[in-house]
1. Would you calculate the separation in nanometres between label points at R143 and D129, each defined as 7 Å from the Cα along the Cα-to-beta-carbon direction?
2. Could you order peptides 96-105, 55-64 by the average number of other Cβ atoms within 10 Å of their residues, highest first?
3. Calculate the spin-label point distance for A188 paired with E83, positioning each point 7 Å from the Cα along the beta-carbon direction, and give it in nanometres.
4. Per-residue HN-Hα couplings for segment 171-176, Karplus 6.51 cos²θ - 1.76 cosθ + 1.60 at θ = phi - 60°, whole Hz, x for Gly and Pro?
5. Once phi is turned into θ = phi - 60°, what whole-Hz ³J(HN,Hα) does the Karplus curve with 6.51, -1.76 and 1.60 give for every residue of segment 151-158, x standing for Gly and Pro?
6. Each label point is 7 Å from the Cα along the Cα-to-Cβ direction; what then is the distance between the points at T48 and A176, in nm?
7. What is the magnitude of the charge dipole of segment 48-190 about its Cα centre, with +1 placed on the Cβ of each Lys and Arg, -1 on the Cβ of each Asp and Glu, and no other charges, expressed in debye to the nearest 20?
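Please treat every number below as a calculation from the coordinates, not as lab data. Since the structure is predicted, the reported quantities are computational estimates derived from the model, not experimental observations. Neighbour counts are summed over all protein chains in view; Cβ atoms, including those assigned to glycine, are modelled from backbone coordinates with ideal geometry.
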Amino acid sequence: MDGIRVQPVLATAFATLVLLALAVGCSRQDDETAAPGPPAAEESPAVTIEPVDADQIRDLVAAHRGSVVLLDFWATWCRPCLEAFPHLEDWQRQYADEGLVVLSVSLDDPETELDRARRFIERRDPPFDVYILDVPIYDQFVRSMDGDWSGAIPAIFLYDRQGGLRHLLTGDQAAAEAEEEILDVLRADSGS
């Protein structure tokens, strides 16, 4: 009779272990872009997101003198940033012939969130270059970019063809306000 009692206990223990293994193996993934199977890098060339600091960002803007530069700061954890991203893509396509260049800098942590940013960029395939900020102290970086910037994102810096900062737009309404400002700077700089 003792043998008969042991079997149900063993069966219960086995079922509990199976359920526990399934629960651990089926944990929630943080990102809807994650998929089972081999990593995207094995399926296609991985998207490269170069790390940049404040000096490199200024060099990038300077390298595009003669163009109107829209410098966008965003992150994958910022919903308004992600909602604005399609506008950036549209503006680059729509106004490139008039001299607009979009540069995008992710503020995702390059040590812990690079893969998440890379997956987002791979999925979007934007028509502009994307970088990831890599600075030791964010507040110093913010002050070095512009004394009026609080560091809030989304943040759009709009530079004229001479490299001068013409507009700084931040927060949820940055994208809504940006297109009018882009057109103003493009037209003012073209002489029309």
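1. 2.8 nm
2. Numbers: 96-105: 18.9, 55-64: 14.9.
Going by the mean number of other Cβ atoms within 10 Å, highest first, we get 96-105, 55-64.
3. Calculated label separation equals 2.8 nm.
4. Going residue by residue, I get x, 4, 8, 4, 5, 5 Hz, with x marking Gly and Pro.
5. x, 5, 10, x, 9, 10, 9, 10
6. Rounded to a tenth, the inter-label distance reads 3.9 nm.
7. Details: 13 positive and 30 negative charges, 25 e Å.
The calculation lands at about 120 debye.
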